[in-house]
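To keep things clear, I will list the structure first and then write my remarks on it.
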């Protein structure tokens, strides 16, 4: 590539960033709610649920490098990483809905189903997110533009985390109307649809510009060997494992903390002081903003019945 690398437009940076927002609709749902969904909605024992989650994570750790090898050797007119974002969009959505669907198969049947759909979801996550993450290296050769691109990406990820953390349980309660299994399934249909749209936007608005040297030696064994000799990569690997362990432990206990330890009366008082509760007659506070929040189940009714549904929605 000759000359100064071109600047990436705002549209391309924003378009790339929404791909990470889509990824976090799955990642944050898994971190915050997946364990409680398995135990309280699917009826799987806590030890079994924890084991199947471990199996899924171990499979993910094994499949990620394989996915990297496949993506790095993909050759299409759209590039080698970008097509995977599009190819996996629909399977990603299907896997997400299946993973949060509760079949009427009995305890053993649901356990097997949960294990298989969790592995399927982790596979689709890796098949999409591994090439997506590698795209920054081929969209531009300018290190400053790559940094800017990553900044856009993580802002979008934070927004998605806020949406998932704040809206998932109210939507489960609203869609389910007391049927938690149905509520989870319909909420995941919504999240899957949003993911599909965001992945298509990422594919349409981005371009791969950096091509590998055709004389470059290509070998999977050489790739893995170079990684094991790369000191900074090993350091980042160790730090990443530690970070995700802390994230998983914190996220996995957060729901239970609010369910069993936070004083519900004081929490209701806090929401009331913020104008996020309905009047005694059941009417939500007036105003467009409150009407919008009430649509998504974010206005607590005076009898607190929807607070109970939220607490039992998982």
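The values are calculated or read from the model by the stated rules, or taken from the named source; none is laboratory data. Predicted, not measured: the structure shown is a model, and the values here were computed from it. Please note: Cβ atoms are built from the backbone with ideal geometry, for glycine as well, and neighbour counts cover all protein chains shown.
Contact map, the range 64-85: first residue assigned by TED's automatic domain parsing to the domain that holds residue 205 and free of Cβ contacts under 8 Å to residues at least 60 places away in the same chain, second residue surrounded by 15 or more Cβ atoms within 10 Å (Cβ to Cβ) and in a loop (DSSP other than H, G, I, E, B), Cβ cut-off under 6 Å, separation 6 or more or different chains; pairs are 74/80. Screening residue 171 with (1) over 23 Å from residue 42 (Cβ atoms); (2) out of contact with any strand residue (DSSP E or B) (no Cβ under 9 Å at 6 or more places or on another chain) gives one miss only, at (1).
Within the range 137-160, which residues are surrounded by fewer than 19 Cβ atoms within 10 Å (Cβ to Cβ) and either without any contact (Cβ under 8 Å) to a residue 60 or more places away in the chain or under 13 Å from the mean Cα position of the chain (by Cα) (or both)? Once the filter is applied, which keeps residues that are surrounded by fewer than 19 Cβ atoms within 10 Å (Cβ to Cβ) and either without any contact (Cβ under 8 Å) to a residue 60 or more places away in the chain or under 13 Å from the mean Cα position of the chain (by Cα) (or both), the range 137-160 yields 143, 144, 146, 147, 150, 151, 154, 158, 159.
Taken across the range 56-75, residues that are under 19 Å from residue 254 (Cα atoms) and surrounded by fewer than 19 Cβ atoms within 10 Å (Cβ to Cβ) do not occur at all. Working carefully through the options 194, 143, 163, find the one that is within 14 Å of residue 23 (Cα to Cα), at pLDDT below 95 and out of contact with any strand residue (DSSP E or B) (no Cβ under 9 Å at 6 or more places or on another chain). After ruling out the rest, the residue left standing is 163. With respect to residue 59, determine if the residue is part of a helix (DSSP H, G or I), in contact (Cβ under 8 Å) with a residue 24 or more places away in the chain, under 28 Å from residue 221 (Cα atoms) and in contact with a helix residue (DSSP H, G or I) (Cβ under 8 Å, 6 or more places away or on another chain). So residue 59 passes the test.
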